[in-house]
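**Student:** The structure's right below; bear with me while I get my questions together.
Just so it is clear, none of the values below were taken in a lab; they were calculated from the coordinates. Computed from a predicted model, the values in this text were never measured in an experiment. Please note: Cβ atoms are built from the backbone with ideal geometry, for glycine as well, and neighbour counts cover all protein chains shown.
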Amino acid sequence: MPINHVAVVGGTHGNEPTGPYLLRLLAEKGIPASCSTFALDLVLANPKAYKQNVRFIDQDLNRSFLTADLSNHSLQHYEAKRAKEINQLLGPKGNAKTDLILDIHTSTASMGTTVILQSSSPLQMQLAAHVQSAIPGVFIYAISAETYTGGSDQPFLPSVAETGIGLEFGPIPNGILRHDLVNRSYAATLACLEFIEQTNRGSAPLPRQPVEYFEHVKTVPFPLDEEGRIDAIIHESLQDRDYTPLKPGDPIFVHRNGQVVHSTEDEILYPVFINEAAYYPQKAAFSLTRKRSTTL
Ligand SMILES: [Zn+2]
């Protein structure tokens, strides 16, 4: 199946200005002339939150795309309305006119460049592997609906299209732009577009095999006190160690009295989104993934 319509989306989170800046770059520079087999839409997802430099106005837009919510007319807050507009523009989810969505994000965690997949379908995995071979140090993180919500639906914006990809760049504080990350986001986006073009022409090279990726296992909460306050912080030996092995018994948190909390997992797992600023309201400390590999 050719990929006829592609959308690059930025500013899904209003305090991540790298995406909106990338949209301006793409609009001004255009896409490479070699990309002629598909139409490209550039979409600023949450203009109101972007203007105010906040993650969202009423609710996280990137958790507003469950099929039931998109057809629930009683949901009328800003992001619920915006999700319905985007669903109309790029979707509708389940039968979308847009074949592939690239959603640009940044993280305060040391995630480097991460391609986030909604499934480990061959097309998604091949695209991610292509970005990995085009740009050194790219990680692939698969968050399927089953591992994230336990169901078959997903609340993420890219789930509007048959193929939805998140591109995550970090570490960077919220609200700022950095030359290196803008360059990285531009290069990664062009690598995705190049892959789409080659796929449409039937000439996409097979990636280096096997392809290594990280599969979402669970989110780990901070320890809380009786009043629900964060009671211990990320241990210094875990800080900034995204994608490095966390062994059973390794330190993860430290309390004010120095008491250390150790991992109680019974296998080596790989933490990501360690100490991510956006997850403090939910008191989420980091996520754990399992390292997998696949042959395409
Ligand atoms: Zn984001």
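**Student:** Suppose every Lys and Arg Cβ carries +1 and every Asp and Glu Cβ carries -1, with no other charges. What dipole size does the chain come out with about its Cα centre, to the nearest 20 debye?
**Tutor:** 620
**Student:** Report the extension gain between His179 and Lys247 in nm, rounded to one decimal, defined as 0.36 nm multiplied by the number of residues separating them, less their alpha carbon distance.
**Tutor:** Gain on stretching His179 to Lys247: 21.0 nm.
**Student:** Tally the DSSP beta bridges in segment 5-208 and give the antiparallel ones as a percent, rounded to 5.
**Tutor:** Antiparallel bridges make up about 20 percent of those DSSP assigns within segment 5-208.
**Student:** I want to verify a result. In a Gaussian network model of the chain, Cα cutoff 10 Å, which of these has the top mean-square fluctuation: Val211, Val160, Val260?
**Tutor:** So, out of Val211, Val160, Val260, the one fluctuating most is Val260.
**Student:** Let me ask something additional. Using a basic spin-label model with each label point 7 Å from the Cα along Cα→Cβ, how many nm lie between Asn95 and Asp58?
**Tutor:** Here the modelled spin labels are 2.7 nm apart.
**Student:** Quick one, could you list the DSSP H helices from the chain stretching 27 Å or more along their long axis (Cα atoms) with average Kyte-Doolittle hydropathy of -1.0 or above?
**Tutor:** Qualifying helices, which must be both long enough and hydrophobic enough, are 179-200.
**Student:** With each run of n ≥ 4 DSSP H residues scored as -39500 (n - 2.57), what mean residue ellipticity at 222 nm is computed for the chain after dividing by its residue count and rounding to the nearest 500 deg cm²/dmol?
**Tutor:** Calculated from helices alone, the mean residue ellipticity at 222 nm is -7500 deg cm²/dmol.
**Student:** Which ³J(HN,Hα) values in Hz, rounded to whole numbers, follow from the phi angles of segment 273-281 under the Karplus curve 6.51 cos²θ - 1.76 cosθ + 1.60, where θ = phi - 60° and Gly and Pro get x?
**Tutor:** After applying 6.51 cos²θ - 1.76 cosθ + 1.60, I find 6, 5, 6, 5, 4, 5, 9, 4, x Hz.
**Student:** Over every pair of different alpha-carbon atoms in the chain, take the mean of 1/r and invert it; report that Kirkwood radius in Å.
**Tutor:** About 19.8 Å, per the Kirkwood formula over Cα pairs.
**Student:** Using a Gaussian network for the chain with springs between C-alpha atoms less than 10 Å apart, which of these wobbles most: Leu100, Leu117, Leu238?
**Tutor:** Most flexible of the set in this elastic network: Leu238.
**Student:** Provide the descending list of Cα extents for segment 137-259 along its principal axes, expressed in whole angstroms.
**Tutor:** For segment 137-259, the Cα spread along each principal axis is 61, 39, 31 Å.
**Student:** On to the next question. Specify the residue with the greatest mean-square fluctuation among Asp225, Asp242, Asp103, computed from a Gaussian network of the chain linking alpha-carbon atoms under 10 Å apart.
**Tutor:** Asp225
**Student:** Could you tell me which of Val217, Asn53, Pro155 has its Cα farthest along the dipole of the chain towards the positive end, charges placed at Cβ (Lys, Arg +1; Asp, Glu -1), taken about the Cα centre?
**Tutor:** Asn53
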